[in-house]
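Presented below is the structure to which this report refers.
Every number in this text was worked out from the coordinates using simple rules, so none of it is lab data. Please read all numbers here as calculations on a predicted model, not as lab measurements. Here the Cβ positions follow ideal geometry from the backbone for every residue, glycine too, while neighbour counts run over all protein chains shown.
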Amino acid sequence: MSPRLRELRRRLKAAGQAVTLEIDGRALHLTHLDKTFWPQSGLRQGDLIAYYVAVFPYLLPHLRDRPLVAVRYPEGIEGEHWFHKRAPAGTPPWVRSLVRRHSVLPRLA
């Protein structure tokens, strides 16, 4: 792991509820880092993001230019969840997004 990624991971692990990171000249504000995602193990949202930082160099080549649909767990992994298919309001202009219409099912409003 590069020293830069190691430092990002250290800052995430040390952060309490929120942290602002600068990545490639862009400020990325991460919140609710202390939210417990997996109660049995005590792993938090910040731990998950730190894991993503660790595997980023290996994962990114496989995700580049692929659409993303996020599954949201507002109350943690054991709570209700839903699919977030559209970029939310306030998405920075440097995040690419697209609208893909399904050829069989009608588009839901």
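Over the chain, what is the relative contact order in percent, taking alpha-carbon pairs closer than 8 angstrom and at least six residues apart?
Across the chain, relative contact order equals 17 percent.
Give the dimensionless ratio obtained when the Cα radius of gyration of the chain is divided by 2.2 N^0.38 Å. Let's see the in-between values first.
Values: Rg = 16.1 Å, N = 109, 2.2 N^0.38 = 13.1 Å.
For the chain, the normalised Cα radius of gyration is 1.23.
How do the peptides 84-94, 68-78 rank, highest first, by the average count of neighbouring beta carbon atoms within 10 Å per residue?
Details: 84-94: 8.9, 68-78: 11.0.
Ranked from most to least packed, the peptides come out as 68-78, 84-94.
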- Rounded to the nearest 500 deg cm²/dmol, what is the calculated helix-only ellipticity per residue at 222 nm for the chain, with -39500 (n - 2.57) per DSSP H run of length n ≥ 4? -9500 deg cm²/dmol
- Note on the structure: Quick calc: nm separation of the 7 Å Cα→Cβ label points for Gln40 and Ile77 -> 0.8 nm
- Message: Report the gain in length on full extension from Ala89 to Leu60: 0.36 nm times residue separation, minus Cα-Cα distance, nm rounded to one decimal.
- Response: 8.0 nm
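Going highest first, how would you order 14-23, 39-48 by mean Cβ packing within 10 Å? Mind showing how you got there, number by number?
Working: 14-23: 12.3, 39-48: 14.5.
The packing order, highest mean first, is 39-48, 14-23.
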